[in-house]
Amino acid sequence: MGWDGWIRPGRWHPVTLTVRSDRAVEGWIVLELTQGPEGRVRYRRPVQLSEGATALLRMAVPLRDVRSPPVLTLEAEGKVLASVAAATSPRRASASLIGVLDRERRGFPLSPDQAAAFLDEGDLPEDAVAYTSLDFLVIRSLDERELNERQHAALRAWVTHGGRVLVADGFEPTGPLGSWLVSGRTGLGAVKRWRPSTPLRPPRAPEADPLQVVTPSPPRAPFGRAAAGLAGAWLLLLAALRVAGSGRNRWIALPIGAALATAGLVRLAGDLRERVTLPNRQQVTVVAEGIAWTHGSSSQISAYGGPVAYRLPSRSSVALRGEFTDAEVRQMPEGTWVLAAAQQPGRPLGVRWERVDRTTLGAALDPQGRWLLLEGGTLSSSWLLWRGQMRGFERLLPGRTFLDPARWRAADPDHPGVRAWRQVDPASDDIMRDHPVVLAEAGDHWIVLVVQRR
Amino acid sequence: MMAVARGDLRARFTTSKGATVQALFSGLVYLVAFFGVSPDGAPGRPALAAISSIYLVIVAYLCAALSSGEIAIPEEKGLPDLATTRLPAHAVGWGKAVSGAVFAASLSVLAVPALSFLLALRALPPTLALEQAVVLWAVGWACAGLGTWMGGAVESDLLRSIALWAALIALVGLPSLAGPVQPLEAVQPFVPFAKRAACIGGAILLGVLLFALCVRWTDRLRRNP
């Protein structure tokens with residue numbers, strides 16, 4: 001669990017699950033961990049093992065409470081075959097974590113509030129989001145032959161989207177990843193040379209909570225529609241009673257009336273329930289250097305509580321917040337995730353998901369601001385933001401779009417795209433300050449293109 | 001037996017007073033359901049629990065009060081009236097049992113749409129309302145037996161009312177006196193099946209005993225008018 005057992009509470013962490021079996025097993029591997037004030041979440045992934053085989057599953061999960069150890073279970077045919085509690089210790093929790101990629105595990109200068117986790121290539125995660133619990137990744141040695149394709153892509157995606165890497169003096173690249181890291185063209189990331197004798201400084205200010213979800217205000221009960229529905233049902237039953245009492249064989253009118261009233265009221269209840277379950281869903285995909293990082297956030301308050309279900313894209317990392325019981329995040333055969341939980345009445349339930357993928361979409365801006373070049377797709381309603389100014393486009397087509405200097409205006413800080421981005425990505429303001437960006441509406445979510453300057 | 005049952009049911013369903021009682025009962029059920037639309041402020045669905053309990057109390061009271069004559073419907077005959085007829089005692093007692101069962105069933109059926117609505121509003125299976133309705137019916141029928149017997153056994157209206165209320169409180173309100181029956185617990189939506197079954201079985205057994213007592217009491221009224 002975590003980085004060589006080290007945990008930064010409240011952040012995404014890498015988890016490696018190793019399962020060995022002396023007989024063939026087709027079942028589920030279940031990781032259960034605490035994620036809310038009173039809720040534990042089960043992450044359920046399918047596993048198939050042949051006799052004597054070992055399966056290695058890696059995932060990124062948020063770890064919050066180091067005192068409550070995660071429990072790993074292997075289930076097959078509805079039975080628990082094995083269960084083990086992972087060892088986590090409050091002594092190995094820190095608010096500032098530095099990963100040190102160094103096989104020799106040499107001494108490391110640290111300030112008192114920092115902790116260093118010594119790693120080798122096999123410890124590196126396959127999900128870029130898992131790196132977000134690190135303040136820095138220090139690379140003293142990196143043998144790229146030891147990395148699989150996913151580990152390779154995850155490290156590159158994290159750095160491209162703002163990860164901080166310190167490359168020790170004397171580091172020699174052993175492959176394309178190392179060469180890329182020292183190339184100086186690493187997207188939003190910060191890759192710097194570092195002398196091992198120089199103490200590390202933690203980031204300037206504590207980062208915002210990366211798992212934050214925005215909670216909608218509590219809904220109002222739909223008394224008017226409920227009163228109308230209940231009064232209607234009562235009148236129907238009165239009529240049924242009257243018919244039932246009017247003749248010897250007309251008693252059947254009462255159960256028929258009750259069945260009709262039940263059907264109507266159950267339908268009305270479903271409708272009212274939707275009205276008093278207020279969702280707040282934001283999904284923003286930030287594209288930089290051909291890598292798309294989707295930040296998703298959904299929160300809802302239901303006046304009456306009850307079951308909640310979401311279907312999330314494949315290869316997402318999923319976290320829950322708020323008050324819930326009986327929560328399960330299950331990987332479906334086609335790779336998507338289905339989340340199901342029981343929500344407490346009147347209490348918020350939040351879901352965060354992060355997903356990293358490759359994309360052909362990209363944009364570049366002329367240094368004088370004369371044209372914008374779009375590659376890899378067409379964008380509908382879009383806005384270009386740069387140096388405190390913005391301009392809109394009804395539609396952006398692939399190729400160059402010439403920019404009329406007269407159409408720039410002051411950037412709107414309350415622009416819905418900016419608001420949505422801020423809600424899901426703590427780094428949004430820094431990116432907007434340092435880079436031109438294109439905000440584009442794409443159905444129910446937003447795309448943010450970090451524009452290169454050419 | 002069916003003549004007694006038909007007479008009671010005709011009085012309760014076709015006379016103006018009987019129809020008024022049914023209309024008021026169903027109005028009260030749907031008014032109470034309206035209060036259940038309020039958002040649940042706490043886990044455990046307290047509104048649903050309270051409303052289920054209120055329905056049980058109303059059904060239990062109405063079944064007992066109409067059978068005992070506390071709510072008198074002039075056309076309905078009690079045990080003392082029927083004891084003066086030529087009908088056999090068992091026809092009187094079990095006829096009352098049939099009318100009590102049908103009446104309790106009608107009240108339970110009237111409560112099903114409201115309970116289903118409140119359950120569906122909380123994303124719970126509306127079919128739970130049927131289970132709750134069976135508890136309402138069984139307890140209502142037992143209370144009808146209690147009321148029928150008291151209608152014959154206690155002559156004074158005041159004493160009968162006091163005795164009826166005391167018995168209802170003991171049966172419905174005090175779990176320790178109700179033994180395994182515990183109706184207030186069994187009528188809740190989330191109850192283990194065994195508890196609900198124990199309540200339904202216990203209430204039916206109690207009803208059988210009380211209506212059997214009514215048969216004996218009819219005989220006794222005939223011997224000592």
Given the conditions (1) under 22 Å from the mean Cα position of the chain (by Cα); (2) modelled with pLDDT of 85 or more, which single one is not true for A:P216? (2)
Scan B:W165, B:W149 and give me the residue that is buried (at least 17 other Cβ atoms within 10 Å of the Cβ), among the aromatic types (F, W, Y) and within 17 Å of the chain's Cα centre (by Cα). B:W149
In region A:103-122, residues that are in a helix (DSSP H, G or I) and crowded, with 16+ Cβ neighbours inside 10 Å total 1
For the condition out of contact with any Lys or Arg (no Cβ under 9 Å at 6 or more places or on another chain), among the β-branched types (V, I, T), in a strand (DSSP E or B) and surrounded by 19 or more Cβ atoms within 10 Å (Cβ to Cβ), what is the one hit in A:V100, A:V41, A:V80? A:V41
Filtering region B:9-44 down to residues that are part of a loop (DSSP other than H, G, I, E, B), touching a residue at least 60 places away in the same chain (Cβ under 8 Å) and more than 7 Å from chain A (Cβ to nearest Cβ) yields B:T15, B:G36
Boolean, A:G388 is at positive phi and in contact with a Pro (Cβ under 8 Å, 6 or more places away or on another chain): no
Condition first: assigned to a helix (DSSP H, G or I) and either more than 8 Å from chain B (Cβ to nearest Cβ) or over 23 Å from A:A303 (Cβ atoms) (or both). Now tell me which residues in region A:268-278 satisfy that. A:D271, A:E274, A:R275
Looking only at region B:118-146, count every residue that is over 18 Å from the mean Cα position of the chain (by Cα) and in contact (Cβ under 8 Å) with a residue 60 or more places away in the chain and tell me the total. 6
Has region B:162-182 got at least one residue that is in contact with an Asp or Glu (Cβ under 8 Å, 6 or more places away or on another chain) and modelled with pLDDT of 85 or more? yes
Residue under question is B:V154, and the condition is that it be at pLDDT below 90 and either buried (at least 19 other Cβ atoms within 10 Å of the Cβ) or not acidic (D, E) (or both); does it hold? yes
What number of residues in region A:330-346 are buried (at least 21 other Cβ atoms within 10 Å of the Cβ) and outside any strand (DSSP E or B)? 2
I'm trying to understand the selection: among the residues of region A:391-435, which are outside any strand (DSSP E or B), more than 22 Å from A:A292 (Cα to Cα) and in contact with a Phe, Trp or Tyr (Cβ under 8 Å, 6 or more places away or on another chain)? A:L403
Given the criteria at pLDDT 90 or above, among the hydrophobic types (A, V, I, L, M, F, W, C) and in contact with a Lys or Arg (Cβ under 6 Å, 6 or more places away or on another chain), does A:A319 qualify? no
Residue list for region A:1-26, filter: crowded, with 21+ Cβ neighbours inside 10 Å and assigned to a strand (DSSP E or B): A:W3, A:W6, A:I7, A:R11, A:W12, A:H13, A:P14, A:V15, A:V25
Among helices (runs of 4 or more DSSP H) lying entirely in region B:46-137, which contain 1 or more residues that are more than 14 Å from chain A (Cβ to nearest Cβ) and closer than 28 Å to A:A253 by Cβ? B:46-68, B:89-121
I want to confirm something. Restricting to region A:303-336 and keeping residues that are touching a Leu at 6+ places or on another chain (Cβ under 9 Å), basic (K, R) and in contact (Cβ under 8 Å) with a residue 40 or more places away in the chain, which single residue is nearest to A:G39 (Cα to Cα)? A:R321
All positions within region B:27-38 that are surrounded by 18 or more Cβ atoms within 10 Å (Cβ to Cβ) and modelled with pLDDT under 90: B:G36, B:V37
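Matching residues to (1) under 17 Å from A:Q283 (Cβ atoms); (2) modelled with pLDDT under 90:
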residue	(1), (2)
A:R391	no, no
A:L403	no, yes
A:D412	no, yes
A:V424	yes, yes
A:D430	no, yes
A:H435	no, no
A:R453	no, yes
Condition first: farther than 15 Å from A:A364 by Cβ and touching a residue at least 60 places away in the same chain (Cβ under 8 Å). Can you find one or more residues in region A:384-407 that meet it? no
Positions within region A:245-270 being surrounded by 15 or more Cβ atoms within 10 Å (Cβ to Cβ) and in contact (Cβ under 8 Å) with a residue 12 or more places away in the chain, in sequence order: A:A253, A:L254, A:G257, A:A258, A:L260, A:A261, A:G264, A:L265, A:L268
Please determine, by comparing only the residues of region A:243-267 that are at the interface with chain B (Cβ under 7 Å from one of its Cβ atoms) and in a helix (DSSP H, G or I), which one is modelled with the lowest pLDDT. A:A244
Answer yes if at least one residue in region B:105-115 is modelled with pLDDT of 85 or more, hydroxyl-bearing (S, T, Y) and out of contact with any strand residue (DSSP E or B) (no Cβ under 6 Å at 6 or more places or on another chain), and no otherwise. yes
Is it the case that some residue within region A:229-240 is out of contact with any Ser or Thr (no Cβ under 9 Å at 6 or more places or on another chain), surrounded by fewer than 16 Cβ atoms within 10 Å (Cβ to Cβ), within 14 Å of chain B (Cβ to nearest Cβ) and more than 30 Å from B:G7 (Cα to Cα)? yes
So if I check each of A:A303, A:A327, A:A340, which one is under 16 Å from A:R45 (Cβ atoms) and within 13 Å of chain B (Cβ to nearest Cβ)? A:A340
Among the residues of region A:357-366, is there at least one that is β-branched (V, I, T), out of contact with any His (no Cβ under 9 Å at 6 or more places or on another chain) and at pLDDT 90 or above? yes
Looking only at region A:306-320, and only at residues there that are outside any strand (DSSP E or B) and surrounded by fewer than 20 Cβ atoms within 10 Å (Cβ to Cβ), the one that is farthest from the other protein chains (Cβ to nearest Cβ): A:R315
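The values are calculated or read from the model by the stated rules, or taken from the named source; none is laboratory data. Not measured: the values here are computed from a predicted model. Cβ sites come from the backbone with ideal geometry, for glycine too, and all protein chains shown count toward neighbours.
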